Each structure stands twice: as C-alpha cells, then as structure tokens.
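One structure below.
Where a number appears in this text, it was derived from the coordinates with a stated rule and is not lab data. As the structure is a prediction and not an experimental result, all values here were calculated from the model. Because the Cβ atoms are built from the backbone with ideal geometry, glycine has one as well, and the counts that use them run over all protein chains shown.
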Amino acid sequence: MKFNVNSLSRLVLVPTFVGTVLVGCGSSSGGGSSPQVTSGHVSIDAMTVVPVVNGSATRGTLYVHNYSNVTATGLQFGVDAPKKSQSKFQSLLSSLGFKSSSLETKDGFSLLNPELCSSIPAGGSCALNFMTPGLANGDKGSSSITLNYKIDGSVSSTNQIVNYQYVSLSALSGVNFTGDLTVTGAQGSTQHVVGYLYAGGNVGSKYSNVNLKSSSLTTRINNGFINGQDVASGQVIAVEFAVNLQDSHNSGVNVVPEWSGVKSNNRQSLLGAVNSGAMLSLALIPSQNTVNYIFGMVPILNAPSTTPVSISVANNGNASSTGGLTATSDNPVLQIDDSNCRSTVLQANAANTCTISFSESSATPGSAIVTFKNSSNQVVGTQNVIWTNNLPVPAVYLTPNVSNTTFAKGVTTPESSVVFLVSNVGNAPLNGTTYVPTNTGPATWVQDSTTCGAVINAGGQCSITGHFIGQDDGAGVFYIFAKGNYSSINYNFVSLPIRYMVTAAPSLVITPSGVNMTVMANGVESKTQTYTVTNQGSDPALFTSLVLNTANTQTKPIIANSSTCSSTTTLAESASCTVVVTYGPESAGNTSNESGVATLHIDYHGGTPDVARNVENSFTYTLIGNDSYVALTNTSATNLLGNGMESNPFSGNPMLDPMLITLTYTNQSTNYAASGFNLNTNNLPYGLVVESASSTCATGANTMTLSQGASCNLVLKVARDLLTNSASGGSVVLNFTSPTGTWTTPMGFYSAPGNMIYANYLQPTVVSTLSNNNGSFESTVLTMTAVNESTVSSLTVNVKGVNGWLESAPIDPSNNCTINGSDYSVSCNLKTESTGNVTYIMPN
C-alpha cells in the first residue's frame, strides 16, 4: 500500500497537549533593547533556511519589527500563489483552534493566524507561525510573504522570502544552524535576524545544556531560545538575534551551538564533554546605503520541466538597487527567464520583489550552477539547480551551511562548525565516490568527520563536517568535489563555494547597550554607568580619541576620571578597559526638564593594513527638574527565580504559580503631588499581563494622584495560558522596558523613561518525527520526544485528526502510549518516559 507523506506529516505533527498546548501564534510585544529608533519602517526578519526534517512539514516563526517611532496599524499579510479553496490541512487547523484566515499557497506553505499580528507599537515586534510543505528527499523550495501596513496613515509594503530544504536526521548529528545572513543598518542601530537551529542524530535523543556562543558581545539572543535548555533530535527552533552595529567597518560574527552531553533512552552520555555544531555566520555592514539581495531557492525540477518554476528576489538592505539583476547558468540546457528582474529596481526594506523563472527541455537529468549578478556585474548570489526523472542517473548536489564567513588570523573555528550536506536526488547511486576539497586562500581546512561513504545511494543524504584555521589574513574560496561513477560513466559534482575572509584587525565593542540615565534636580541624586570596551579582534587597537557627544541640553553627562580607557590607550587582543560616565547631581534650583541622546565615540586604528576605524554606543539621559520625579524604586518577583538583571533574569516555568513581577513607583517630589498619574502598559511582551486585582498604580484609561513620597505597585503576571500559544515554542524571552509613567504638576506635564527588565519562561515542547519519509511508503513510525518536561508535573500528548486519512488503527504503541480504536487517536504520557512512538499503516 502506498500513500503520499504530506497529508500525514502535516496532520500528526500538530499535536494537542493536556496541560500544555504549543500550537498557536504570538502577538505584539514591546521592544526597547536600543534607545534609538533608527528608521521608519516595518520589517520581517531575514532568516536562514528552514530545515524540513525527514521531509515532514515543519513549523517555523516569523518575527516582525516596527523600527519607527509610531504605532504600525492595519497589518495585512499575503502569500505568493495563494490557494483559493480550503485544504484538508486548513480544516484540521480550524478543528484545533486556528482560524480560517490562515493563508496557504498552492504548494502547501501555510501562514498561521496572521490576524494575531494586526498592529505593532513603536519599537516593538510581533511573531506568528508558519508551516512548510512536506518535501521529497533532497528537495527544497521557497515562499514569498507580503506585508502591508500603515504608519501615520500612509500605506507601505514589505516582503520576506522563506526558504526551506529537506534534511535527513541521519545525515548530521548534533545541534546545528542552517546558514548565514547579512545584517545591514546604520551604525549604532540594532537589527534583528533569525537563525534556524535543529538537532539531528538518533530519534529520541536529546542534547543537554545547549548554549549558543557568539563571537561578539554585540550579538545576543532576542527570542526563541534560552541558553542551557535541552534540544531533541528533530527539533527545529527559530532563534531571533539582536545585532547592535557599533563598528564603522564591516565585520563578521559567528554563533556556535555547544552542548555538554547527549541523552538517549533516558541515559546520559558524553557527560562533561563540550561538543559543537554548525555555526551561524553573520556579515555585519554598518551603512546607510547598502543593497542586500535575498533569493528564493529553486526546487528540484522535473526533466523535462513542462511548466517553468519561479523564485522571488527581494532587497532587504537600506538602499534601493541601481538597476536590475541577471541570472546565468554554466549549463545551456537550463533555460532562465530573468526579464522581470532585469527591468525591476528592487526598493529598500524589501518593499517589492521580482521573479526569475527556470525550465529545461531535456529528458536527461542534469545540473547547473546559476550565478546572479547586479547591474555592476558583481556576483551577488549562486545556486545549484538540479533536474531529474526516473532514469537511472545519479544527481548529487553539495550545499555548505554557510556561503560567506569571517574569522580572525590565528583563530581556529570550532570543530564541525562548517558542514556540507550531500544529497543524491537522482534514481541511481554514485559509486566509488571520492571527495576532493579545493581551497584558494590563506586558511587551512580541517575535516572533522563525515557520514558520506564511497556510495551515495539514490535518495540518500550525508554530511561532511570540518573547520578552518586562519593562517594569514586575506580572502579565500573553498569548495568540495564529489567524483564517482555509475554504469561505467564518470560523474563530477561540485559544491557551492564558501567565500571566507581572514582578518588581521582590531575590533572594539562597547557594552552594555540600551542604557537610560535619569536624575532629578535635587542637588543630591546622580547616576553612574560603567561601560566596558573590549577588543574582540585579532590585533591591538590603538586609540586616537575618546569623546562623549551629547545633545544640545543645558545639563550633560560626562566621562569620569576613574575611567581606565583614554584617547591614548592601546588595547591588546581580548583585553578590555572601562569608561565611567556620570550624570548629576544637579542643583535643586534647576528648572530644566530635558532629555537627550549621548554617544560614546572611540576612534582607533590597527591591523594589517593599518586602517582607521571607530565604534559608537548611544544612550539616553533625562533630567527631571521642578522637583517632579516619579521613579521605579523597586522590582521584585513572586515564584520566579533570578533578580531581573541581564546576568540573572527572572525565570519561570509552568509549575510556578502565580508568577508575578511587582514594580514599585514612588513620587520622589518633596513639594508636588503627581496628578493624572498613569502607566502605559501597551508595550508589554506577549504573555505578560497586568494583574489588576493586585495593582495599585493606574493603567489603561485610569489615572490617579500620587502624593509626595507616596508609592504604588504595578503587578505583572506571567500568563501561562497565553504562553502555551507562543510563537517561539518552549523558550520564551520576556525582556521588557518597565512601563513609562506620565503625570502633571502645577509646573507642567512630565514623563519618565523605563528601565530594562529581563525575564524568560521555559515550558515543555514535544518534537514529532516520522520515519521512512521517502515520498511514499507502506508504514511509518511516529516518534514523539518531550523536551524540558521537567518543568511540568504531568505531560500527555494527544495525536488526532488522522481517522479521515487512515483505513486501519495504528499499531505497536510504546509502553507509555495508548490507541483509541474509534478515531485512531493516540495518547502518550511523556512525563514517565520522555519518548513515545506508534506505527501507522498507510491506506491504498
């Protein structure tokens, strides 16, 4: 009996939970990690390739940011080539609580519950989920998403391209990222990108104490992951990063996943060892005039292809392109129609897209490397395009996890941080295979491991892992040939290239970021902030100036004499110094009520060649005059671990109830009551709500009078019921800026900026994988693995909605699973045993 995998994989992989439901979408949240709003647009985060594990439909997350200083409203999402009628998958989603407004393409890509992201506050974000289609062995594809929105009544558009690719769990073990990205923005701005993380290896295994190690202090996790959590084989996580572009020159950041052990069948192995996986590589370009192209991935073509296949191209840089794009192939059999992109100027911030079509008329399987060039004839992208059919011919393509990466001279990148996935999508094996690395540059390639042998079977996928050693500075290109034969015919397949840069230069970063300094003019109060300047480059940094630029205000913060950094400092590699900034005290007679932005600016040089550079970090400062200041005087928590600081955030889980954060606001004036006092709670992150019964501060439409010296409490509750629907699954980051207060006195209207408070919430996630996913099969084993199950007292997963597709009940349940014969649903207790499985027999 045969049955196509897509229907089953898209059904059984949407489980419902008793006690914990992780199938919904996020909503809007407040931002605030940076004091600057750097542009006036809304953007969908660029993301690496979504891994479609064993070909089963995979859930991902879109993060959408409002980079303007006003609320964005009327958000409306659309997908390319939408499906006009409701599919069985959408019907199932409706039965599980998703609204019918979910959008689906004709290829099976679904955008779930977009109405939950209808507006975004200034500087804030929202998140929503999507589901990829199921994919055959080695296949890949893409979908284009359009977002229309309003800012100040003006309608604008932005686009994003979601690429996805088949990944076999057996091809690569460990915890790995899937690609690289370019981050563009003005110097000093904070931008956001998403790296897709997944775990491979034996089904049911879990990697413990997973940490994402960034090579730069200015790149940090913003959402979707909590360092130290477990990750299960088959689990796919959308990890959002916030990247602060401090340096004046282009630079690179690598984020490497590391873990301390592997649990399989509740046994711990490799305990105490540190293991690393494929890295996420980020190219940072601090410029206000950058074009950055994002290309959709060309799927595997049929030979011959009767209907052209199109991909979309967008430009998410901050400058429009100066002309069109061209696409050329090294194989004349592949026919390319790039006329639409040739004649289209791609606008900044992905405001529009163009399309390129591919087809071929030969009945013989083959491949080509496609090169994309801009109007200046510069290469801006490459892709491997494969076409195949039922003829017994091998069709192999090799894909590196990064196309561009940067590392320092003398640095050895972590083991297995670079991965080549090798896929044979043809209908014959490649025999006698040898793998020949080719390197044209100053780095040394070291191969760490491989799952590839002398034979790459038809439909097979394997991997080659390794790392680089930066022997000298300069640029290089690395790629691998796979050479073999079948039926006395020799074949030679080449990977896409990795273009790398080995740097010999200093690179300064200033931490922390997102600081607010607020003082009241009372002759006593002052604030001190210590900044740490670190050289994370590979050569000493020679300072030539160190200044604090301030706004045109009467009062200004200054650099204190206790600073260890100066304009003549020489900072060795990995060394650091401090800049101490003080603000106040100011005379009680000062009637100023003012605020501004200050920028700590350091000019420096060094490296080979010796190049002048600078680094900047900005913060806000506020003076409250006229003896009128309501301050956040205390932050405490109930049933939450930690203290709310960045180094020790408030941490919650489903067994802690109620989880409360109490913020105490005090009127520190000695002469005036704060009339009409109100706290703006509109920008709280999704999952954090006001506990009205316990709060004494006025919120919403309410106001109050806060007498001199009096205090009120704002109590915030971590809403477990909402967070079960979080877009980021089991790992939710709840960092927020404390709600700002506004009030009046006889001297006028006042407001006070908020402070950053750090919090997170960890809940269980169930990872579902299907075996034997070869496009069609007679039976398949569904394995469900619970991650972070220790955070709940009970965890039961129910798989339902399959009785309309199956003709017989599932069989062979594990000891912790039971089968309901009436509707073929399955219930598994994943608290007693964290892994459960059942076998499905496919109908004719």
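What distance in nm separates the two pseudo spin-label positions at THR633 and MET645, each 7 Å out from Cα along the beta-carbon direction?
Reported label-point gap for THR633 and MET645 is 2.2 nm.
How do 457-464, 784-791, 362-369 rank on mean C-beta neighbours within 10 Å, highest first?
Details: 457-464: 20.6, 784-791: 23.4, 362-369: 17.9.
Put in order of decreasing packing, that is 784-791, 457-464, 362-369.
Within the stretch 506-535, find all residues whose amide N lies under 16 Å from a label point positioned 7 Å from the Cα of ALA588 along Cα-to-beta-carbon.
Backbone N within reach: 520-526.
Say each of THR578 and THR73 gets a label point 7 Å from the Cα, pointing the same way as Cα to Cβ; how far apart are those two points in nm?
Label-label distance for THR578 and THR73, simple model: 4.8 nm.
If I stretch the segment between ASN457 and LYS373 completely, what's the gain in nm (0.36 nm per residue apart, minus their alpha carbon distance), one decimal?
Values: separation 84, 0.36 × 84 = 30.24 nm, distance 3.47 nm.
Once the chain is fully extended between ASN457 and LYS373, it gains 26.8 nm.
For THR434 and THR382, compute 0.36 nm times the residue count separating them, minus their Cα-Cα distance, and round to one decimal in nm.
On the way: separation 52, 0.36 × 52 = 18.72 nm, distance 2.39 nm.
16.3 nm is the gain from fully extending THR434 to THR382.
For a quick check: sort ILE757, ILE151 by the number of other beta carbons within 10 angstrom, fewest at the front.
Details: ILE757 24, ILE151 20.
Fewest to most other Cβ atoms nearby, the residues stand as ILE151, ILE757.
Can you work out the FRET efficiency for the pair VAL446 and GLU778, with r the C-beta to C-beta distance and R0 = 30 Å, to the nearest 0.05?
0.10
³J(HN,Hα) across the stretch 135-149 via Karplus (A = 6.51, B = -1.76, C = 1.60, θ = phi - 60°), whole Hz, x for Gly/Pro?
Result, rounded to whole Hz: 10, 6, 3, x, 7, 8, x, 7, 9, 9, 10, 10, 10, 9, 8.
With the cut-off at 1.5 for a/c, could you classify the stretch 309-503 from its C-alpha gyration tensor as rounded, prolate or oblate?
Here the stretch 309-503 falls in the oblate category.
Tell me which label goes with the value of Cα extents along the principal axes in Å computed from the coordinates here: (i) 105, 59, 56; (ii) 85, 76, 69; (iii) 93, 69, 54.
Evaluating Cα extents along the principal axes in Å on these atoms matches (iii).
When a/c is below 1.5 the answer is rounded, else prolate if a/b is larger than b/c, else oblate, so apply that to the stretch 168-289 with a ≥ b ≥ c taken from the square roots of the Cα gyration tensor eigenvalues. Please list the in-between numbers first.
Working: a/c = 2.84, a/b = 2.42, b/c = 1.17.
In terms of gyration-tensor shape, prolate.
I need the shape label for the stretch 630-762. Rule: rounded when a/c is under 1.5, else prolate if a/b > b/c, else oblate, with a, b, c from the alpha carbon gyration tensor. The partial results should precede the final answer.
Values: a/c = 2.37, a/b = 2.12, b/c = 1.12.
Because a/c hits 1.5 or more and a/b exceeds b/c, the stretch 630-762 counts as prolate.
Can you list residues whose amide H is under 5 Å from SER779's amide H, if they're 5+ apart or on another chain and H is modeled 1.01 Å from N?
So SER779 has HN proximity to MET842.
Arranged from highest to lowest average of other beta-carbon atoms within 10 Å per residue, in what order do the peptides 189-201, 249-261 appear?
Values: 189-201: 25.4, 249-261: 21.2.
Averaged packing, sorted descending, gives the order 189-201, 249-261.
How much net charge surrounds ASN244 when only other residues with a Cβ under 15 Å from its Cβ are counted (Lys, Arg +1; Asp, Glu -1)? Could you put the intermediate results ahead of the total?
Working: positive: ARG220; negative: GLU240, ASP247, GLU616, GLU646.
Charge balance near ASN244 sits at -3.
If each of ASN148 and THR550 carries a label point 7 Å out from its Cα toward its Cβ, how far apart are those two points in nm?
Between ASN148 and THR550, the label points sit 4.8 nm apart.
For an R0 of 56 angstrom, estimate the FRET efficiency from the Cβ-Cβ distance between ILE489 and ILE811 and round to the nearest 0.05. Don't skip to the answer; put the middle values down first.
On the way: r = 44 Å, r/R0 = 0.78.
So, using R0 = 56 Å, E works out to roughly 0.80.
Considering amide H positions built from the backbone, and no H for Pro or chain starts, which residues 5 or more places from GLY204, or on another chain, come under 5 Å of its amide H?
Under 5 Å from the amide H of GLY204: SER233.
For the stretch 508-624, what are the per-bin percents of Cα-Cα distances with bins 5 Å wide, up to the bin holding the maximum?
Per 5 Å bin, starting at 0, the Cα pair percentages come out as 2, 12, 22, 21, 15, 11, 8, 5, 3, 1, 0.
What value, in deg cm²/dmol to 500, does the helix sum -39500 (n - 2.57) over DSSP H runs of n ≥ 4 give at 222 nm once divided by the residues of the chain?
Values: 4 runs with 24 residues, N = 844.
Roughly -500 deg cm²/dmol at 222 nm, from the helical runs in the chain.
Please go through the residue pairs LYS150/LYS373; LYS106/LYS831; LYS140/LYS800; LYS206/LYS483; LYS263/LYS717 and name each one whose alpha carbons sit more than 30 Å apart in this structure.
Result: LYS150/LYS373; LYS106/LYS831; LYS206/LYS483; LYS263/LYS717 exceed 30 Å.
Could you compute the net charge surrounding VAL826? Neighbours are other residues with a C-beta less than 15 Å from the C-beta of VAL826; K and R count +1, D and E count -1. Walk me through the intermediate numbers first.
Numbers: positive: LYS800; negative: ASP812, ASP823, GLU833.
Once positives and negatives cancel, what remains is -2.
Please report the antiparallel percentage of the DSSP beta bridges confined to the stretch 175-288, to the nearest 5. Before the final figure, lay out the partial values.
On the way: 36 of 42 bridges.
Once the DSSP bridges in the stretch 175-288 are tallied, antiparallel ones form about 85 percent.
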